[in-house]
Amino acid sequence: SPLLEHVALGGGQDASQVTTTAGQAGKFEVLFYHKIYKEMFGTVRGHFGPLNFVAFSPNGKSFATGGEDGYVRIHHFDKDYFHTKYA
């Protein structure tokens, strides 16, 4: 993230197995980790296939994902994202 010490990761199972697996089992989600504490603190679901990219916006207030399902999704962070402190 351009604003916080966060990393976003995406992926999912192999594309050849997508048609035989429910979306929840395929792990088609974005995982958020704190760069310093190395702890996962959130996930965002929304795709029906593996994710090909995850990118933060330059202002750090949103992020975009693109997947093999053919969709590009824009996600906006709520206010809590910017004000939550990690111990």
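How would you rank 28-34, 65-71, highest first, on the average number of other Cβ atoms within 10 Å across their residues?
Going by the mean number of other Cβ atoms within 10 Å, highest first, we get 28-34, 65-71.
So which aspartates and glutamates can Lys85 reach, going by Cα to Cα under 20 Å and dropping same-chain residues fewer than 8 places off?
Glu5, Glu39
Excluding Ser1 itself, what net charge comes from residues whose Cβ is under 11 Å from its Cβ, given Lys and Arg +1 and Asp and Glu -1?
Once all neighbours under 11 Å are counted, the net charge is +1.
Please give me the summed charge of the neighbours of Val44: other residues whose Cβ is under 10 Å from its Cβ, Lys and Arg +1, Asp and Glu -1.
Surrounding charge for Val44 is +1.
Only the coordinates and a few stated rules stand behind these numbers; no lab work does. Since the model is a prediction, treat every value here as computed from it, not as a measurement. For neighbour counting, all protein chains shown are included, and Cβ atoms are generated from backbone atoms with ideal geometry for every residue, glycine included.
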